[in-house]
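Reviewing the structure listed below.
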Amino acid sequence: MKKLITVVFFSCLLIGCNVGNNQKKSVIQTESDLQLNKPTTLESDSTLISYPNKPKIKIDMISHAWYSKESPNEYETGESFTIKATLDNPAIIYTENKIKLVTSNTGLIYESDECIISSDGYCNINVTIAESANLGEISLAIQSNTNLVSTTKLTFKVVAGNIIFYTEQDIRKGDFASKSPGQSVNQVVDAWCQSYAESKGWKGFSPMSDRYKKKSYKGMILNNPATISGKVYYRFDAQTKVALATDEYLAESLENSIFRTNKAPINVWTGTIQNNWGVIKNCNNWTYNGSLPSISGGTGELETNTKSDRTWFYSGTGRSCAQEEGIYCVSQPN
């Protein structure tokens, strides 16, 4: 005699949304009042079944992300987690009962849509939040066509997984690499971005949450690529989508500018120039801060987002190395 437990996913309030190095497991247990951080066990109305020892079920969401203890109800785009269904008395309802996932939410991906309850009384289904998933709250309705448990819900929030920003409050002349002897240019720009993310807010927005301050960052200049094709990148506000990356230097055109809209273009050090991708203009490897026309620094235009020629990364023929500019910074998988 087999019973079928069906888990139906519903998406709600989609307000448009890698796993850490420190593998710390966090388990979020649901309860009927939709609270996710208190353990509970869901059980059926006694009038619905006639087992002598009424079985109970609980649903856990298991994450290995480093931030899961600090933000237990939040999952990033691109993140994977496990849904674990546990029965306290599997002998009563047999060990071949299945948990099945049915969803019309394209923001959730799973390797298999069902699992079979083991003799230990539980089974797992692995779920991934798509890079393109909308940001906001998702509710999962948990139902049973055996009347084993009453319908209940668990909710969680989808948040941005990848951030790109400009160092607006930390701009430097073209000799910025000379300030850190013994370090490579790439090490210098990476440290520049890391320090900025950990210590600065962004004018016009609230300071970055601890989640984003604790990520690692790279400075995106020529020969220091920083994005991953297929991932979606968001502004410093972790709300506004910038672009779906098509290569390691983000994309030709952007959905929204990296900085703010309706503002005059701002120049950003990148080390290359318009219509000559790969041609180096980098203020003598970022060690010169003078104004000789023969030595200049390639820049992009921060506010450019609608053109398809990547002018947000390279524009013009080069800027004076005596100018103070910022750089682009990109969060990295942890």
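All of the numbers you see were taken from the coordinates with simple rules; none came from a lab. These numbers were taken from a predicted model, which means no experiment stands behind them. Cβ sites come from the backbone with ideal geometry, for glycine too, and all protein chains shown count toward neighbours.
Modelled this way, with points 7 Å down the Cα-to-C-beta line, the labels at Thr317 and Glu114 are 6.9 nm from one another.
The modelled label-to-label distance for the pair Gln183/Thr155, using points 7 Å beyond Cα in the direction of Cβ, is 4.4 nm. With a simple spin-label model that places each label point 7 Å from the Cα along the Cα-to-Cβ direction, the separation between Asp309 and Asp170 comes to 3.3 nm.
The simple Förster model, with R0 at 45 Å and r as the Cβ-Cβ distance, assigns Ser195 and Glu252 a FRET efficiency of 0.90.
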